[in-house]
1. Anything in segment 103-152 that is among the β-branched types (V, I, T) and part of a strand (DSSP E or B)? List them, or say none.
2. Six or more apart or on different chains, Cβ under 9 Å: which pairs go from a residue in segment 338-364 that's closer than 23 Å to A248 by Cβ to one that's among the polar types (S, T, N, Q)? Could you list them?
3. Out of S177, S217, report the one residue that is out of contact with any helix residue (DSSP H, G or I) (no Cβ under 6 Å at 6 or more places or on another chain), over 30 Å from F272 (Cβ atoms) and crowded, with 16+ Cβ neighbours inside 10 Å.
4. Just for strands (runs of 3 or more DSSP E) wholly inside segment 153-238: which have at least 3 residues that are closer than 17 Å to G131 by Cα and assigned by TED's automatic domain parsing to the domain that holds A107?
5. Could you run through segment 276-298 and say how many residues are assigned to a helix (DSSP H, G or I) and either under 10 Å from I231 (Cα atoms) or modelled with pLDDT under 85 (or both)?
6. Does E133 qualify as being surrounded by fewer than 21 Cβ atoms within 10 Å (Cβ to Cβ) and in contact (Cβ under 8 Å) with a residue 60 or more places away in the chain?
7. Which ones in segment 336-365 are at pLDDT 85 or above and among the hydrophobic types (A, V, I, L, M, F, W, C)?
8. Take G87 and decide whether it is in contact (Cβ under 8 Å) with a residue 12 or more places away in the chain and buried (at least 19 other Cβ atoms within 10 Å of the Cβ).
Amino acid sequence: MWLLSKNQLVRALPLFAAVDARKENWEFGEIEDTTTVAYNATKAPIPAGRFSLERFAPDDIDHFCDSIEACIAFNPPNSMNRAKCDGRVFSEEKGTISYSNYHNHAACRWEIRAPEGAKIKVKVHSGPTFGMEHHSYCGNDKLSLGYPSEDGTKKLFARICSSKNNSERPYNGLMPSFSPNGEKIQSYKFRDGIILDTNVLIVHFQSDQADKGVGFSMEYEMVNLPTQLPIIDVGDNLEEDLHGVIEALAPQLADHHEEKLAARLTKLFKRFDSRMVKCNKTQKLHEVIWQVSHEDIDKTKELWMSFFRNAFNQCDIPIINNNEDRFDGTSWPRRITTWFERLRRTLERAKAKEARLKKKAEKQG
């Protein structure tokens, strides 16, 4: 007969309901608890009290959610977890990310985006600001540091939790087989500071169904940055590239709307320049190797949004500094989104018209 403590029983109950949610690891002679809160088929968060089970994926950084917005939505409205998740994109050269005194079933995601060619240095703080349940592979509560690979899949640098002998010391439990080049990055490197070979870093925190914790605090710095140029000059380069997108799509646009799209684009950047002139005249931004492409509208929108966010968040005019959300609290995200919605609608109308003409020709033929 098994004798379980109250805490062990709480952990064991979900596993009795779904044995396949456990994963045997014969190589290390132990069984890993792999229960997590899952999404349903529509990717909507499952209501509190109706959690289902999902197999633990050792190489999956986003076991709860695949975007910042999805992570925030995972936490129930008006809950402590929702209030604590301040997930956003960081484009500043330096910054700090933290999540303190977490509760069960918490999820939050942040992204650090540096210019092409740059790398990101991270340091996870040891001491009283760090503490989360220890597990050999950090399979329960964990801080995951990952990056998107060239083939579009997500990869991990580390899965961090507390060390076995000291809860205030970050420990990397990611197995070598899931680490870059099959080599585990030693825990002390994350504590002392390590330069990661990526310009995009996904920071993801999640907790399981038992045990609360102190949380974590980490700092980052962008290194190997490209040459700096005045922000308005970088903006001019981006505007030129975006006009190139319109030109490339012109044959596909409905009713020759490329002129209207170009005029709106020029107006937006003229307004942007007028705001930047009011900022610190010495303000500069790293020259970005933009990968603007008419074949990837979502990526192009993301680049534009990221550039404006970085520019406005560095701006020292009161209209920006007095806004707690900085760029994201202004009307600019809506303006950029509206422009891309017009572009999409124009493309959709053109495709629909082409389909109608094709169908008509087939009938006549």
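1. I112, I120, V122, V124
2. Sorted first by the residue in segment 338-364, then by its partner, the pairs are F340/T300; T346/Q252; L347/Q252; A350/Q252; K351/Q252; E354/Q252.
3. S217
4. 154-162, 170-172, 200-206, 213-223
5. Total satisfying the criteria: 2.
6. yes
7. The answer is I336, W339, F340, L343, L347.
8. It is true that G87 is in contact (Cβ under 8 Å) with a residue 12 or more places away in the chain and buried (at least 19 other Cβ atoms within 10 Å of the Cβ).
The values are calculated or read from the model by the stated rules, or taken from the named source; none is laboratory data. Source: prediction; values computed, not measured. Cβ: placed from backbone, ideal geometry, glycine included. Neighbour counts: every protein chain shown.
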